[in-house]
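Below: one structure, written as structure tokens.
The values are calculated or read from the model by the stated rules, or taken from the named source; none is laboratory data. Since this is a predicted model, take the numbers as computed values, not measurements. Glycine gets a Cβ as well: all are built from the backbone with ideal geometry, and neighbour counts include every protein chain shown.
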């Protein structure tokens, strides 16, 4: 399996038997499981851990699940959470979901339900990581453009014709065509749609002269 697609699960539960059973069940289903006996122990190592899903017990000595979750929120953690809760704590688990947990399971639960919840959490994280990578790559590509090329790209994002871009930037249409060809080569694209897509992924904001009003042209 590609190292980037390893499905990491971090089990945080003070019950040694539960940790062992969950780790074995998840490993048999293809997950890479690591267990922690406390929230404090998990948080101490979290920054060095690969992205993945945290199976987090709500009720633990010391830091409970909600406190661990809040610490993760404060750190802007990218790990996803599936909360485990005992009877009578469902309302608290629902609050955990409002705070960002992907799912919660009430003990006792079937291992297949855990596998589904963890799989969904990890798939969600993979998508977020992929989106973040696309945005970062797009931003790096757009940074290669000159100021004038950026202006022309902004005009393209706004859906402006070359002659309108030319007017707003006080350039000739031929010069705009030249900048357009140069920027598309730097972006590695062949179509307007591809160029606009990269600009949007990079969150490029139109600015300056490209926003000026047009004459009757």
* Return yes or no: is residue 159 assigned by TED's automatic domain parsing to the domain that holds residue 202 and either at pLDDT 95 or above or within 12 Å of residue 204 (Cβ to Cβ) (or both)? => no
* Residues of the stretch 45-66 being more than 18 Å from residue 23 (Cβ to Cβ) and within 17 Å of the chain's Cα centre (by Cα), which ones? -> 47, 51
* Structure fact -> Flagged in the stretch 94-147 as more than 17 Å from residue 54 (Cβ to Cβ), outside any helix (DSSP H, G or I) and in contact with a strand residue (DSSP E or B) (Cβ under 9 Å, 6 or more places away or on another chain), in numbering order, are 106
* Quick one: would you say residue 36 is touching a helix residue (DSSP H, G or I) at 6+ places or on another chain (Cβ under 8 Å) and farther than 13 Å from residue 114 by Cα? -> yes
* For the stretch 73-108, what are the residues that are free of Cβ contacts under 8 Å to residues at least 60 places away in the same chain, within 17 Å of the chain's Cα centre (by Cα) and farther than 18 Å from residue 14 by Cβ? -> 73, 74, 75, 76, 77, 78, 80, 99, 100, 101, 102
* **Pairs with Cβ under 6 Å, 6+ apart, first in the stretch 110-132 and touching a residue at least 24 places away in the same chain (Cβ under 8 Å), second part of a helix (DSSP H, G or I)** => 111/25
* Restricting attention to the stretch 111-120, does a residue exist that is more than 22 Å from residue 211 (Cβ to Cβ), in the same structural domain as residue 84 (by TED's automatic domain parsing), buried (at least 18 other Cβ atoms within 10 Å of the Cβ) and touching a helix residue (DSSP H, G or I) at 6+ places or on another chain (Cβ under 9 Å)? -> yes
* Failed condition for residue 88, given (1) at pLDDT below 90; (2) in contact with a helix residue (DSSP H, G or I) (Cβ under 7 Å, 6 or more places away or on another chain) -> (2)
* Asked: Out of all the residues in the stretch 165-181, is one or more under 30 Å from residue 77 (Cβ atoms) and either in a helix (DSSP H, G or I) or over 31 Å from the mean Cα position of the chain (by Cα) (or both)?
  -> no
